[in-house]
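Chemist: Have a look at this one before I ask anything.
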Amino acid sequence: MSGIYLLGVIAIWLWLTRLLWKTGRRFLDASFANRPTRLMLVAVIGALWFGGSFWEAGGKKLYWDARVRELCAKDGGVRVYETVELPAEMFDKWGMVNFYRPTQRERALGNDYLLKSETIVIRDDNPKIWREQYQLYRSIDGSLLGVAVSYSRLGGDLPGPWQESSFGCPQAAGDASLIREIFTIKK
């Protein structure tokens, strides 16, 4: 279904290009008798039209994906300040602590540990860019055990009924990754 819409967008773009060409040609022929001036204006207007079309069709996604990668390189990822050893029976078969309840928000790890999350919107336009951070604390003494930071982009595509594309990095920097890195099986 989205292929039909994409063909429709391309058809509209071609129709607008033809309309711009016909209208611009009449205007330039009537306004500028000097042929080199007309050619220069056609080249400038054509470059702006095609450049703007490329930017709208994919250039801004490429630009913002590169910016998200830069942000990830600066402070993205998981940083562990202290690990906690737990008995093997406190882990499920996938190696995740079995007392983790994501729906409980800050108290997702019970009363002994505090999991805080924060989302900061960096750009609230199209595309949308945000930073997500998880911090894991020990409740008894308030010690910070670790931090996970990730960045994401949503949107920046051609307008249409299709779902927006997204990009995020680093891959393993969410709450589950942070918990997996901090809690280890006691040997």
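Chemist: What's the number of the only condition in (1) surrounded by 13 or more Cβ atoms within 10 Å (Cβ to Cβ); (2) not in a helix (DSSP H, G or I) that Ala176 fails to meet?
Modeler: (2)
Chemist: Suppose we keep only residues that are modelled with pLDDT of 75 or more and not hydrophobic (A, V, I, L, M, F, W, C) within segment 1-41. Which one would you say is surrounded by the fewest Cβ atoms within 10 Å (Cβ to Cβ)?
Modeler: Here the answer is Pro36.
Chemist: Looking at this structure, is Gly146 in contact (Cβ under 8 Å) with a residue 24 or more places away in the chain and buried (at least 18 other Cβ atoms within 10 Å of the Cβ)?
Modeler: On the way: in contact (Cβ under 8 Å) with a residue 24 or more places away in the chain: yes; buried (at least 18 other Cβ atoms within 10 Å of the Cβ): yes.
Yes, satisfied.
Chemist: In addition: Has segment 97-107 got at least one residue that is surrounded by fewer than 18 Cβ atoms within 10 Å (Cβ to Cβ), polar (S, T, N, Q) and within 30 Å of Glu70 (Cβ to Cβ)?
Modeler: no
Chemist: Here are some residues: Glu82, Glu132, Glu106, Glu89. Which one is in contact with a strand residue (DSSP E or B) (Cβ under 7 Å, 6 or more places away or on another chain), modelled with pLDDT under 90 and of a type in the set (D, E, K, R)?
Modeler: Details: Glu82 fails: modelled with pLDDT under 90; Glu132 fails: modelled with pLDDT under 90; Glu89 fails: in contact with a strand residue (DSSP E or B) (Cβ under 7 Å, 6 or more places away or on another chain).
That would be Glu106, the only listed residue that is in contact with a strand residue (DSSP E or B) (Cβ under 7 Å, 6 or more places away or on another chain), modelled with pLDDT under 90 and of a type in the set (D, E, K, R).
Chemist: In segment 122-131, what residues are within 11 Å of the chain's Cα centre (by Cα) and part of a strand (DSSP E or B)? Before the answer, list the steps.
Modeler: Of segment 122-131, the ones within 11 Å of the chain's Cα centre (by Cα) are 122-123, 126-131.
Residues satisfying the conditions are Ile122, Arg123, Lys128, Ile129, Trp130, Arg131.
The values are calculated or read from the model by the stated rules, or taken from the named source; none is laboratory data. Small disclaimer: the values here were computed from a predicted structure and weren't measured. Every residue, glycine as well, gets a Cβ built from its backbone with ideal geometry; the counts of neighbours run over all protein chains shown.
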